[in-house]
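Engineer: Quick one: the structure is below, questions incoming.
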Amino acid sequence: MIAGFFNLIWILIGGTFIGIIARLLVPGRQYLPVWATIGSGIAGMLLGNWLASLLGVRDTGGIDWIRHALQFLVAAGAVAATSALYRRRATNRLKTHLEQSNINRGGSGIVSNPPSNVTAIPPTANKPAIPSDIIEPPAESN
């Protein structure tokens, strides 16, 4: 009974660290709350152990590097997948919110096109498009 309790504590602590490290090493911005990062790490630890058992490398004579690598790789995949789901969810929520606010203002609800009363101001001689257009090269001195 006590061994099972300590095993659960180790899974929580190890999963937390694996999730945080995986989140730091996955490229790009992650749209995850802290609890989802920890959950991804715990899932990675459990699934990595399961995969190590299937491959027969869960318990070795020394440090179980293959098992830990599997845990980390599965946790990194879980962080990336969960982040993609959260990004899609956030994008859909924002689009729905913008469409609803557009409807509340009397619009059609479609936000893919800019309003018709907004026009781009073309650059003129007095207002160049890029500020570097008005910078003149220094005069050469002989």
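Engineer: Taking the Kirkwood radius as the inverse of the mean 1/r across Cα pairs, report the Rg/Rh of the range 8-104.
Structural biologist: That ratio equals 1.18.
Engineer: As an exercise, use a Förster radius of 41 Å and the Cβ-Cβ distance of R93 and N7 to find the FRET efficiency, rounded to the nearest 0.05.
Structural biologist: 0.60
Engineer: Let me ask something additional. Can you sort V79, V74, V26 by how many other beta carbons sit within 10 Å, fewest first?
Structural biologist: The most exposed by this proxy come first: V26, V74, V79.
Bear in mind that the values in this text are calculations on the coordinates, not laboratory data. Note that the structure is predicted; figures quoted are calculated from it, not measured. Here the Cβ is made from the backbone with ideal geometry for all residues, glycine too, and neighbour counts use every protein chain on show.
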